[in-house]
Every structure is written in C-alpha cells, then in structure tokens.
1. Mind counting the residues in region 1-18 that are open to solvent by less than 70 Å² (accessible area, probe 1.4 Å), among the hydrophobic types (A, V, I, L, M, F, W, C), closer than 19 Å to Y88 by Cα and out of contact with any Asp or Glu (no Cβ under 9 Å at 6 or more places or on another chain)?
2. How many of the residues in region 227-240 are open to solvent by 30 Å² or more (accessible area, probe 1.4 Å) and over 22 Å from D289 (Cα atoms)?
3. Filtering region 163-177 down to residues that are aliphatic (A, V, I, L, M) and without any contact (Cβ under 8 Å) to a residue 24 or more places away in the chain, which residue is farthest from A92 (Cα to Cα)?
4. Condition first: among the hydrophobic types (A, V, I, L, M, F, W, C), touching a Ser or Thr at 6+ places or on another chain (Cβ under 8 Å) and over 16 Å from Y218 (Cα atoms). Now tell me which residues in region 261-317 satisfy that.
5. Six or more apart or on different chains, Cβ under 7 Å: which pairs go from a residue in region 240-269 that's closer than 19 Å to T306 by Cα to one that's open to solvent by 40 Å² or more (accessible area, probe 1.4 Å) and aliphatic (A, V, I, L, M)? Could you list them?
6. Pairs under 7 Å by beta carbon, first residue part of a loop (DSSP other than H, G, I, E, B) in region 178-198, partner open to solvent by 50 Å² or more (accessible area, probe 1.4 Å), six or more apart or different chains?
7. Taking region 186-211, which residues are aliphatic (A, V, I, L, M) and closer than 19 Å to I96 by Cβ?
8. Sort through S205, S173 and tell me the only one that's at pLDDT 95 or above, hydroxyl-bearing (S, T, Y) and open to solvent by 20 Å² or more (accessible area, probe 1.4 Å).
Amino acid sequence: MRVIDHLTRNDGRTAFSFEILPPLKGNDIARVFNIIDRLREFDPKYINITSHRSEVQYQERPDGTIIKKKIRKRPGSVAIASAIQNKYGITAVPHIICKGFTRDETEYALIDLNFLGVHDLLLLQGDAKGPDKSTDPTVVNLHATDLQSQVNDFNRGIYADGEPFEANATPFSYGMACYPEKHEAAPNMESDLRYAKMKVDNGASYLVTQMFFDNQKYYDFLARCRAEGITVPIIPGIKPIVTCSQLNVLPRVFRSDIPEPLATELAACTTDAEAREVGVEWCTAQCRDLIAHGVPSIHFYTLMATDSVARVAKEIY
C-alpha cells in the first residue's frame, strides 16, 4: 500500500510510522534491522529512510600539506529502502533531497527505485550547510518545489535533460515537509503557508511536520492550512527528548520551541536518564492528545530515541 492509502483508510486508527538513518559508512545493515525489529510489534505502516549529503573533511598528508575531501558518511538510502520493503513487507519511504545531489544523481536514484519497486518518496530541501555551492538550476534543484517538478516530470516520462521516455507503469507518490513553527528561511508564516499550498497543488499527497512539542501549535497550523484550502493529511512529526542538552539543542537546530512546563522539568534534570523519563512522559501525553484529536498517523523521529519511542508506542498503540 502507498503511504497515502494508509493515511486515508477509514478504520478509525492512528497509524504508526518512524524514521531511521542509514548506518555509518562501513557499518552493517543489521543496525537498521535491529531498530525495525524493536519497533515492529507496533505495526508500522511505513518507514522513512533519511538521505545525507557529502561533508567536507580536511586531512593532513605525511608531508604536512592539507587536502580537502568530500565524504558521504551515510550512503545507501536507496538500497536500504529496498531491503526494508523486501525483508519486512512494510512500505519504505526514502528521502530524496536537493542539497548535495545533482539533478542527474536524483534521476539515477529515481530509476533505481523504480527498478526496485519502491514508489513512495519524501521530498525535502535538505540541510543547507555543506560543500556544494552550485546555484545553476540546470545542475541542481535549489528548492523542494524544484525537486518536486523534477519528480513530476519523471512521472510524466520526461528526463532531467528534457528528453522524453516511456513513463513507468507505477508513478512515484510522495509527501513533503511543513513547519508548524515556520521554516527558518520563510520571512513569515503567511509565506510559509503559501509554499505549503504550492507543494500540495503541485502533487504532494500529504505533508509531514517538523518535530514540535506543543500540540496547540500543530492544531493552530492545521486550522490555518485548512483555511488556505490545503486538504491533504498533515502528519505530526514527534520526537521524545532523551538528553538534558536537547533542551537547548533542539530549539536551535530545528527551530522547535520547548513549552515552559517541559522546559522547567528538563532544567531540573541532573542526568540524561532523568531527562529521558521526562521525555517519555511528555511524548506519551502528546501522542494521546493527538490520537484523541483524530490524527491519521503519528510519525516518530527515532535518532538516539528508539527505546523511548518503543516505550511511548507501547502505551498508545
């Protein structure tokens, strides 16, 4: 089943899904399977696989000179998506990102995914920080909406260079990101909503939010989206806090506010174990409230938080 099919079925249940990272270069895929095996009992309807651009590393040669190298620390998103779908029979959703990938590289990924029978995607701009500085729109996709246009063209049977081909029998279905607390690059919320609507009008079958910790911000955002005529499912993205440092790190990195009651509890924690308990308690309450409001799915960000996600899922599913 496609992700959108899971989201729109009328069985009254809130679907469970989660996101995983490919293992670091040189590590075994068993690390991915271990996470899935840990969370499989909660009947995940789909699993997202993140994609990562190259990073710059400086290495010193024996003669003392410094060389710059581009290294992808987490390759393999396409292969892992196929492995998951074939091993577990669960819909796999690889992330396709703009940053760090050329339009040609994106096209090759789409061709491979089609061959492998993986036809669900999440289209994202990706981290803006990195070694690739090209702004040539014939070489790279600058924005998620540009990437969306490339995927739409591919679905219609048009390569990145404009050459036609016989369109694949199964087109790609995809979701895109949205931001209850505004994307960092948007000048205001109204502008951000216009881009969200543009994504939907141009073919996104659903939207998934950046992580948030205040459900009211999600409900307010949802109401504004509906008022703008955005009718697709909008999936809340949730993460349980697991370390004391995340009180300051998450708002800085993801622009996600920490509500004062949660911030107060976390500030009182003296160990990560205490913070983890606070995070599980808050996340469980968040999810129960979201389910009571009838959200079609809850999507969990599991980085460093697999055990906490399992504890929350055991309480709510």
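The values are calculated or read from the model by the stated rules, or taken from the named source; none is laboratory data. Model, not experiment: these values are computed from the prediction. Cβ atoms come from the backbone with ideal geometry, glycine included; neighbour counts cover every protein chain shown. The area values use the complete protein model at the heavy-atom level, side chains included, leaving out ligands, DNA and RNA. Shrake-Rupley method; radii C 1.70, N 1.55, O 1.52, S 1.80 Å.
1. Adding up the residues that qualify gives 1.
2. 3
3. A167
4. Filtering region 261-317 down to residues among the hydrophobic types (A, V, I, L, M, F, W, C) leaves 262-263, 266-269, 273, 275, 278, 280, 282-283, 285, 287, 290-292, 295, 298, 300, 303-305, 309-310, 312-313, 316.
Applying the additional criterion that residues be touching a Ser or Thr at 6+ places or on another chain (Cβ under 8 Å) yields 275, 280, 283, 290-291, 295, 298, 300, 304, 309, 312, 316.
Those that are among the hydrophobic types (A, V, I, L, M, F, W, C), touching a Ser or Thr at 6+ places or on another chain (Cβ under 8 Å) and over 16 Å from Y218 (Cα atoms): A275, V280, M304, V309, V312, I316.
5. Sorted first by the residue in region 240-269, then by its partner, the pairs are V242/M304; L247/A267.
6. Sorted first by the residue in region 178-198, then by its partner, the pairs are P180/K217; E181/K217; E181/R255; E181/D257; E184/R255.
7. The answer is A196, M198, V200, A204, L207, V208.
8. Testing whether each residue is at pLDDT 95 or above, hydroxyl-bearing (S, T, Y) and open to solvent by 20 Å² or more (accessible area, probe 1.4 Å) leaves just S205.
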